[in-house]
Each structure stands twice: as C-alpha cells, then as structure tokens.
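None of the figures in this text is laboratory data; all of them are computed from the coordinates on show. Everything quoted here is computed from the prediction, not taken from an experiment. Using ideal geometry, Cβ is built from the backbone for each residue, glycine included, and neighbour counts are taken over all protein chains shown.
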C-alpha cells in the first residue's frame, strides 16, 4: 500500500515580497506567526484565515516572537537589540525598549509572574518587568552566546548555545544573582 498524505498544503502567498526570518506556532490558539522583515504575519491554520499584520516602527529585522494568547500579548525581539510588546486584540505596539547591545535571540514571556526573559548572542540573559525595567541579568560565558531559551514549566529554562545546552532552575538563577551582591 502506498503512503498517501492526509494533509494538503494551505496555499498562502505569504504576505508580500519579504524575507521570512522566523516561524513560530501557538498550538492552543491554532495560530502560526511568520516574521517578515519588520512585520508579523499571523495565520489561523485550522480556520485557514490570515489576520491583519502587525508592523514594527523600528529599523531592526524581527528575529523572534513569543505569543501569549490568554493575556492577549505578543512580544518580539529584533536584530538591533529592541524588544516590542504588542496587543493582539488591537494589533498595536504597546511598548518598545532596548534590551541588548546586539540582537535579541529569544524572548520568553512569563505571564504567571509578569516578566519577560530575553537572550542575546553576546551571552546575556536578562529578565524584565512588563514595563521594561531590568530586574536581573546573567552573563553566560561561551564562544557564541545564547541562541535560544525554552521554558520548561514555570520554574526552569533551557539555554541553548551553538555548542552546548544547560537547564537552569530559575530559583537558582536568583540565588546566584543575589549571592554575587546584586539585588533583584
């Protein structure tokens, strides 16, 4: 018996003439996001519809996105170090702040405690309040910095660099940070 595909591709001419710098899915909402230069295109892959695009006023190409459909926010990071916080409902930019000196490789929303984690290829992992105040920063010494952060439940994250990965319990990060004489 020959294998037959149960799915057919959804034919979307993806947006416009643009470079797609990333794709992210949010399974609970059946949505996927395409980062296209300075904009975000979003699609409902079950209902097969395209939502109105979000357009960043910044100059940097968007590099990462973190959706939180329950809180109706979307966070993005760009190639020049800025983080943007968007309203999903109104499709408007709520806030933008400089998070890193170089590009932002990952933004992770932590809605249960109202913070964001960001990482950068320069080796920094930072935690921010929702208003853009820096709460914590940690330098992970490695040859190529931090490529990605993945939440592993509420209290752990995985840091991925090009040559390794590590799993951190967030309470240990706070202890390490406070043990060095800093306060959060």
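Along Cα→Cβ, 7 Å out, is where each label goes; now give me the distance between the ones at residue 135 and residue 167 in nm to one decimal.
Spacing of the two 7 Å Cα→Cβ label points: 2.3 nm.
Peptides 107-113, 48-54: what's the order by average Cβ count within 10 Å, highest mean first? The partial results should precede the final answer.
Values: 107-113: 15.9, 48-54: 13.4.
Taking the mean over residues of other Cβ atoms within 10 Å, the ranking is 107-113, 48-54.
Can you run the Rg to Rh ratio on region 20-179? Use alpha carbon positions and the Kirkwood inverse-distance Rh. Mind showing how you got there, number by number?
Details: Rg = 15.2 Å, Rh = 15.9 Å.
Result for region 20-179 is an Rg/Rh of 0.96.
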